[in-house]
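Asker: Okay, handing you the structure first.
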């Protein structure tokens with residue numbers, strides 16, 4: 001169960017990160033340059049997709065009855081974390097996405 | 001009131017938020033702590049051993065103890081050791097809370113356990129403010145309505161919900177406070193709305209009894225019966241004839257197979273031919289809060305007399321909402337999720353309260369404003385300190401009191417509660433005599449030190465107690481950082497909290 005929970009929270013964070021970086025203002029905040037339109041759309045799409053994956057993982061962890069409640073909580077809290085990280089350590093906020101492949105490896109081979 | 005719709009919403013949000021925010025903060029903090037009420041109970045009573053005894057063995061020992069000490073009692077209550085509550089408690093009579101004797105689950109011997117209000121105090125304070133029960137429920141219900149109103153008006157007056165969805169600009173004074181207040185409110189909006197609304201739903205029949213009054217002519221028992229909660233007829237005749245009590249272990253196994261993990265059992269009319277054994281599940285076996293449900297067995301033959309009732313759709317809906325509020329379902333990951341969401345809610349309310357003062361500091365905080373305006377501003381400032389850091393101080397003081405007060409003290413529980421309120425009043429007085437920023441720093445530092453120091457009180461024998469101490473440690477370090485940040489902020493010409501100097505200096 002803990003792997004599913006971790007994954008749910010992780011993908012919620014990455015989803016929020018994608019949506020956030022798909023916004024002109026926040027992309028600039030991290031990379032100090034404007035965001036090409038295609039990338040913006042791609043980031044947002046990936047963000048929504050990650051949120052969907054997060055929902056599936058939360059449902060795996062808790063079942064469909066209460067999973068969506070946990071999903072909302074995970075999105076809220078990871079959004080909060082992102083908002084607090086962005087102004088202080090913007091690169092770290094983005095870099096946290098690197099945990100996803102690690103999680104995937106552990107999930108596949110662990 | 002102001003002219004336009006948005007302006008009047010802003011007026012309502014500001015003033016309702018300020019006046020009721022102080023108590024709402026207390027409700028949210030104690031509610032957040034109550035997520036871990038059993039763990040705090042366990043920490044506050046270090047005499048209770050953490051053991052790994054099966055429920056069947058524990059139940060047998062409890063019955064043997066009651067057989068030896070209370071064979072004539074009309075009712076035996078047994079709380080079985082569970083994952084979150086490793087104690088074994090037996091009681092007689094119908095009292096639901098408190099009382100009773102704590103047993104060692106390994107031996108079945110009574111153990112001396114200090115009286116303590118435990119984490120249950122936070123739970124009770126959360127929905128009654130420690131007022132008489134029904135008064136408290138109404139006051140807290142009214143406050144929950146204000147909270148809902150504050151949420152809705154907040155949405156109305158926040159013009160850029162999506163544009164500033166991820167925005168937080170630190171070190172910009174008032175701007176930063178508003179950003180934080182907005183972000184924590186918007187991002188956790190589902191949680192805020194859910195927790196406030198489901199909180200109201202718990203006592204909906206107390207708040208709005210008209211429906212039941214009309215349908216059942218005010219007969220609440222008829223209403224409960226109609227839901228399938230009918231109590232079995234008590235066998236008065238048989239209860240006078242002696243009888244031999246059946247072994248409870250197979251019944252527990254049968255109930256566990258049907259209900260999931262068990263919480264405890266009641267044996268009515270023990271040692272008579274009319275004995276009844278009621279076995280209740282733990283609260284978190286399903287989403288709908290199962291409080292009051294039990295499987296009933298014949299105490300002599302062991303035959304199943306009644307299963308847990310099936311709820312009809314409407315009561316089930318209510319129970320599920322209550323379950324969403326109580327967060328018993330989903331294990332520790334869910335509990336932590338609720339706990340952290342609750343913390344963010346508390347900080348959201350606190351930041352709104354601070355924002356009120358930050359916004360008006362320049363205008364009313366110095367000599368140029370009218371004396372009466374300055375006085376009211378000072379009242380808001382003092383209340384902010386006293387109701388935010390003061391309440392935190394009171395909560396941690398209660399934890400200390402549970403360990404530090406002499407064990408043999410008469411009416412120990414009420415002394416704990418007195419400590420809680422006494423410290424709170426002292427904190428308000430302290431805030432009244434100190435300059436606001438000094439008061440913030442001093443009180444927050446004290447809370448931090450007390451939180452960090454919880455471990456020094458010892459009595460950490462098992463994982464659960466270590467968890468309490470570690471969580472308090474983390475909390476203390478965070479609060480210490482806040483205190484340090486508030487103290488470090490260069491003294492602005494007026495009262496300031498962290499980060500408002502950039503703007504003041506600009």
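Where a number appears in this text, it was derived from the coordinates with a stated rule and is not lab data. All values derive from a computational prediction rather than experimental measurement. With ideal geometry, Cβ positions are generated from the backbone for all residues, glycine too; neighbour counts draw on all protein chains shown.
Asker: Stick to Cα atoms and the Kirkwood definition of Rh, then tell me Rg/Rh for the stretch A:2-109.
Answerer: Working: Rg = 14.0 Å, Rh = 14.0 Å.
Rg/Rh: 1.00.
Asker: Between the stretch B:141-160 and the stretch A:42-61, how many Å separate their Cα centres?
Answerer: 30 Å
Asker: Mean 1/r over all different Cα pairs, inverted: what Kirkwood radius does the stretch B:256-302 give, in Å? Write down the numbers at each step before the final one.
Answerer: Numbers: mean 1/r = 0.0891 Å⁻¹.
Mean inverse Cα-Cα distance, inverted, gives 11.2 Å.
Asker: Hey, another quick one. Determine the shielding of peptide B:158-166 by partner chains: average, over its residues, the number of Cβ atoms on other chains within 10 angstrom of each Cβ. Intermediate values should be presented prior to the final figure.
Answerer: Numbers: counts 0, 0, 0, 0, 1, 2, 2, 7, 14.
Mean shielding by partner chains, rounded to a whole number: 3.
Asker: Among A:55, A:77, A:19, which one shows the highest mean-square fluctuation when chain A is modelled as a Gaussian network with alpha-carbon springs under 10 Å?
Answerer: Top of the fluctuation ranking is A:77.
Asker: Return the tail of the calculated pair distribution for chain B, meaning the percent of Cα-Cα pairs more than 35 Å apart.
Answerer: Values: 53626 of 127765 pairs.
Every Cα pair in chain B considered, those over 35 Å come to 42 percent.
Asker: Jot down the per residue volume, in cubic angstrom and as a whole number, of the convex hull over the alpha-carbon atoms of the stretch B:423-496.
Answerer: Output value, Cα hull per residue: 77 Å³.
Asker: Let me ask something else about it. State, in angstrom, two size descriptors of the stretch B:1-146 derived from its alpha carbons: Rg to one decimal place and Dmax to the nearest whole number.
Answerer: In Å, with Rg to one decimal and Dmax whole: 21.7, 75.
Asker: Note down the relative contact order for chain B as a percent, whole number, built from C-alpha pairs under 8 angstrom at least six residues apart. Provide the component values of the computation, followed by the final result.
Answerer: Working: 796 pairs, mean separation 89.7, N = 506.
This gives 18 percent for chain B.
Asker: Just need the Rg to Rh number for the stretch B:231-369, please, alpha carbons only, Kirkwood Rh. Please list the in-between numbers first.
Answerer: Details: Rg = 25.0 Å, Rh = 18.8 Å.
That ratio equals 1.33.
Asker: Tell me what chain B gives for mean residue ellipticity at 222 nm when only DSSP H runs of n ≥ 4 count, each as -39,500 (n - 2.57), the sum divided by the residue total, rounded to 500 deg cm²/dmol. Please list the in-between numbers first.
Answerer: On the way: 18 runs with 296 residues, N = 506.
After summing the helix terms and dividing by the residues of chain B, the value is -19500 deg cm²/dmol.
Asker: Which translational diffusion coefficient, to the nearest whole µm²/s, is obtained for the stretch B:304-412 from the Stokes-Einstein equation, given a Kirkwood hydrodynamic radius over C-alpha pairs, 25 °C and 0.890 mPa s?
Answerer: Working: Rh = 19.0 Å.
The calculation lands on 129 µm²/s.
Asker: Using a 10 Å cut-off around each Cβ, can you sort B:460, B:468, B:35 from fewest to most neighbouring Cβ atoms?
Answerer: Numbers: B:460 17, B:468 20, B:35 25.
Ordered from fewest to most neighbouring Cβ atoms within 10 Å, B:460, B:468, B:35 come out as B:460, B:468, B:35.
Asker: Rounded to a whole number of µm²/s, how large is the Stokes-Einstein D of the stretch B:233-276 at 4 °C and 1.567 mPa s, given Rh as the Kirkwood radius over C-alpha pairs?
Answerer: Details: Rh = 11.5 Å.
In µm²/s, the coefficient is 113.
Asker: Can you tell me the convex hull volume per residue for the protein assembly as shown, based on C-alpha atoms, in Å³ to the nearest whole number? Present the calculation step by step, with values, prior to reporting the outcome.
Answerer: Values: hull volume 114.3 nm³, N = 616.
Per residue, the Cα convex hull of the protein assembly as shown comes to 186 Å³.
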